[in-house]
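For reference, the structure is listed below as structure tokens.
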Amino acid sequence: MLKLENIRKSFGGLKALDGVSFEVNPGEILGLIGPNGAGKTTLFNVVSGIFPSDSGSVFFQRKNITRLPTHQIARLGIFRTFQNPSIFEAMSVLENLMVGNHLQGRAGFFSAIFKPPWERKEEQRMREQAQAVLKGIGLSDSADAAAGSLPFGKLRMLELGRALCAEPHLLMLDEPAAGLNQRETEDLTNFIAGLRAKKITIVVIEHDMSLVMGLSDRVAVLDQGRKIAEGAPQAVQHNPAVLKAYLGEEDWIKSLRR
Amino acid sequence: MPKPPFPCLEAGVGWHNQLIQYLVTGITTGAIYALVALGFTIIYNATEIINFAQGEFVMLGGMIAVTMLAGLGLPLWLAVILAIAATMLIGLAFERLAIRPVRKASVMNLIIITIGGSILLKGAAMLIWGKDDHPLSAFTPAPPLHVFSAVVTTQSLWVMAGTVLAVILLHVFYERTITGKALRACAFNPKAARLCGISVERMILFSFGLSATLGAFAGVLIAPITFTSYDVGTMLGLKGFCAAILGGLGSNPGAILGGLVIGVAESLSSGYVSSGYKDAVAFLILLLMLYFRPAGILGKRAEKV
Amino acid sequence: MKRDAVIWAALTLLVFTLPAFVHSPYYYSVLIIIGIFGIVVLGLTMLIGYAGQISLGHAGFFGFGAYFSAVLTTRFHLDPWLAMLVGLVATIVLAFLLGIPTLKLHGHYLAMATLGLGMVLQIIFKEEVELTGGPTGLTDVPHLKAFGMVFASDQKFYFLVWIFLLVLYGLSINLVHSRLGRALRAISSNQTAAGSLGIPVNRLKLLIFAVSAGYASLAGSLYAHYLSFVNPSPFGFLVSVKLVAMVVIGGSQSLWGALLGAGLLTALPEFLAVLQDYEMLVYGAILIVMMMFAPQGLAGILAGLHEWVKNRDHKKNAQA
């Protein structure tokens, strides 16, 4: 479904990605792990077109999307969340979700200012769709609250919901559990597992190993801009290269072994 | 705002004779634009803010020098030093009072604040000095020199020498002094700089002071040639900005190069094309640049959002 | 949406009842100028508050529209409405030409580019004497006519301007509360996130920039027909700054706040003649102080008060 070929990206002298290749299969959940600074978020940014790679290609459903701008990549059905929840703080919770719906609507400038009946119907439909997602993420009570006023855990859910509103084919989650407490993490894990039934392909960057290992069909490991391992969660956990990459990060090794 | 034409423009016969003359005037004004552009660059590198009040620093330098010299009867050298020092203090005060309290604000809010600062300084200058043009006497009263077929006033030489001196001092400052290195570190990576014990706040304050100093210096250098008035800052600021973009925003050599290119282009076009549109030249260059090479001549990459 | 609709209806009511109380042509002239600046500021608010971009050249677009109307009607004897339309189209084209290279860059590029454009337009107004009449400008711009009516008196022109404003205000409300309006607010809040949701960030910024320039152009045409003469002086840099100050003082995310700002900054100097010399000082101070202490403007302050009163009532009710 998604295929990366030999992606390189450097910032100044720093090689953030140094020839990364891998594939994501339709319908699977792929865990992307690696020590801090391994290049995971950079990889998401390259795929979603936020900054282009220096060399290499990205294919999505056999289409070369390497040089496409961000919004066109979204048009193909690739959506993501960010490490720091990037919600639109001044807008209401429901409006945030309706921005997620953007591509489901077609009203342009003239229909926006003259509001023909079909535009009103479309607005109504988008609102209902957003409300359904709102219910799914359990935020119905705060529909009209300013999104910026939500507690951190709910921001994460809102951002996830916003991406879901867009009806993604491929969903990329950048550390969705970071900053969440135990209970919130469990809820999130269940929620993501539930998405599998909707045939959404998911790539998830996560430091919480129980989440990654529990959810993922396969795991890919990045270290210093290179892919050092890929495979079933169990196999990766015992891969010597992976253990070496995490050397010095004792807790990590423990969590890997767990 | 009509300014007296450069007196030296009348000299010389034939287009090639005039060419040298235009180059001399172009380099003189270009040097001033370069100093203004450097002022933009210094603050931009430290804060990523474009300081829309940069041109007002130039205006203040010239105006305060005029007051010190003609109003208080101080000797020229003292008037110049005091004018620069006073402008530096204004720059520091501006940062301290209006920029630092809102450091976390969005870029747009910061832009609006520097625009407000610019208008405020301009309005204050109008109240203090009125709307008239003010002359500043040339640094040395010697008669103009004749270089090839061009007439070069001694003040032109002062401008060029002053700019070269400022550039050298700035270079030494960045390369050799602890503060200069710290400033560069902040520009490169504020977080890391902070971890090394550099006070980023202090460096931002410092960059405003330095930038105001450079602006004021440009202001006193140019005042004897073009006269000065409360409203010269907007145009000088705009042209300095064009120079900074042309050279590549954030690059010191780029700022100097950009300033000279714009100065010369302006002088040539006012000589050979139309003097009425002289002030539009810098802007046209800026627009063409933004279309074809937004990163500037010496810039490495386009600064997209 | 509901609140905006109520404010729109209230304003409409006000516009049509006011003539019952106002009789002096002087007050009409102030109201007309407020309406004209109000139209410019409606567009500028959408640019600043909804697309997160600043223009320091809107007085230039305003002047561009005014000069198009004046030149085409006096020199080429074009129908005033047609001239207005041509000016509108020309201004939008100009905005696109300027916006295409600058809007994909950081915000300060557009600010500087529009500042430069405003300066260049001033130069053109002054230099192209054959066309524009140079510094003295053009006189005898004809009156607007429609439905057998000539908009010559201040009262008639008042209705014309304010009907224009009400229509444009209504369209702006619709735009702000549409799919595109949400997309624009998303852009001003977080461009990267907006782009990742499929919003064509640059294209929408360009659209709203062109729309705001178009509003300014229409206002300029009205201005030329109202005064029946144009010269370069009302289209300078200071007016651009004044327009931005109107938006900022009213609250950049609120259309009615911006109208309030236009009203305040137009009416105050009229009634406080002392202010004239301090004009720049006041605008500068407004920009700095509002940005430092009330970045949401008067609209934000009022909303805050409303919230506070509501909360207090809630508490009272809870205690009772």
Q: For the range C:70-99, name all the residues that are of a type in the set (S, T, N, Q) and either within 14 Å of chain B (Cβ to nearest Cβ) or more than 18 Å from the chain's Cα centre (by Cα) (or both).
A: C:T73, C:T74
Q. Looking only at helices (runs of 4 or more DSSP H) that fall completely inside the range A:185-246, which ones have 3 or more residues that are crowded, with 20+ Cβ neighbours inside 10 Å?
A. A:209-215
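Rundown of residues vs (1) surrounded by fewer than 17 Cβ atoms within 10 Å (Cβ to Cβ); (2) within 13 Å of chain C (Cβ to nearest Cβ); (3) within 20 Å of A:P168 (Cβ to Cβ); (4) small (G, A, S), yes/no style:
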{"residue": "A:M98", "(1), (2), (3), (4)": "no, yes, yes, no"}
{"residue": "A:Q124", "(1), (2), (3), (4)": "yes, yes, no, no"}
{"residue": "A:Q129", "(1), (2), (3), (4)": "no, yes, yes, no"}
{"residue": "A:V133", "(1), (2), (3), (4)": "no, no, yes, no"}
{"residue": "A:L139", "(1), (2), (3), (4)": "no, no, yes, no"}
{"residue": "A:L155", "(1), (2), (3), (4)": "no, yes, yes, no"}
Q) Which residues, taken from the range B:87-108, are surrounded by 15 or more Cβ atoms within 10 Å (Cβ to Cβ) and free of Cβ contacts under 8 Å to residues at least 40 places away in the same chain? A) B:A98, B:V102, B:A105, B:S106, B:M108
Q: State whether the residues of the range B:202-223 include one that is part of a helix (DSSP H, G or I), of a type outside the set (F, W, Y) and free of Cβ contacts under 8 Å to residues at least 60 places away in the same chain.
A: yes
**Q.** Failed criterion for B:V159 (all others in (1) within 20 Å of B:G26 (Cα to Cα); (2) free of Cβ contacts under 8 Å to residues at least 24 places away in the same chain; (3) buried (at least 17 other Cβ atoms within 10 Å of the Cβ) hold)
**A.** (2)
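Rundown of residues vs (1) surrounded by 24 or more Cβ atoms within 10 Å (Cβ to Cβ); (2) over 18 Å from the mean Cα position of the chain (by Cα); (3) more than 9 Å from chain C (Cβ to nearest Cβ); (4) more than 25 Å from A:E230 (Cα to Cα), yes/no style:
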| position | (1), (2), (3), (4) |
| --- | --- |
| A:G19 | no, yes, yes, no |
| A:Q61 | no, no, yes, no |
| A:N64 | no, yes, yes, no |
| A:R75 | no, no, no, yes |
| A:N84 | no, no, yes, yes |
| A:M91 | no, yes, no, yes |
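Each row is one residue, and each column tells you yes or no for (1) among the aliphatic types (A, V, I, L, M); (2) touching a residue at least 60 places away in the same chain (Cβ under 8 Å).
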| site | (1), (2) |
| --- | --- |
| C:A216 | yes, yes |
| C:L222 | yes, yes |
| C:S228 | no, yes |
| C:V239 | yes, yes |
| C:S254 | no, yes |
| C:G261 | no, yes |
| C:V274 | yes, no |
| C:G300 | no, no |
| C:V309 | yes, no |
Q) Restricting to the range B:116-156, what's the tally of residues that are surrounded by 13 or more Cβ atoms within 10 Å (Cβ to Cβ), in contact (Cβ under 8 Å) with a residue 24 or more places away in the chain and within 27 Å of B:F52 (Cβ to Cβ)? A) 10
Q: Those residues that are hydrophobic (A, V, I, L, M, F, W, C), assigned to a helix (DSSP H, G or I) and surrounded by fewer than 24 Cβ atoms within 10 Å (Cβ to Cβ), I need them from the range B:226-251; list them, please.
A: B:M235
Q: Would you mention how many residues in the range C:109-150 are part of a helix (DSSP H, G or I), over 20 Å from the mean Cα position of the chain (by Cα) and either over 16 Å from B:K239 (Cα atoms) or not aliphatic (A, V, I, L, M) (or both)?
A: 12
Q) Within the group C:L238, C:L222, which residue is out of contact with any Asp or Glu (no Cβ under 6 Å at 6 or more places or on another chain), part of a helix (DSSP H, G or I), aliphatic (A, V, I, L, M) and at pLDDT 90 or above? A) C:L222
Q) Given the structure, is C:A213 at the interface with chain A (Cβ under 9 Å from one of its Cβ atoms) and either over 25 Å from C:I124 (Cβ atoms) or buried (at least 24 other Cβ atoms within 10 Å of the Cβ) (or both)? A) no
Q | Residue count for the range A:158-183, restricted to those that are within 22 Å of A:S142 (Cβ to Cβ), part of a loop (DSSP other than H, G, I, E, B) and of a type outside the set (S, T, N, Q) | A | 6
Q.
Being part of a helix (DSSP H, G or I) and more than 7 Å from chain C (Cβ to nearest Cβ) is the filter here; which residues of the range B:97-117 pass it?
A. B:L97, B:I99, B:R100, B:L110, B:T114
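The values are calculated or read from the model by the stated rules, or taken from the named source; none is laboratory data. The model shown is predicted, which means the values in this text are computed figures rather than measured ones. Neighbour counts are summed over all protein chains in view; Cβ atoms, including those assigned to glycine, are modelled from backbone coordinates with ideal geometry.
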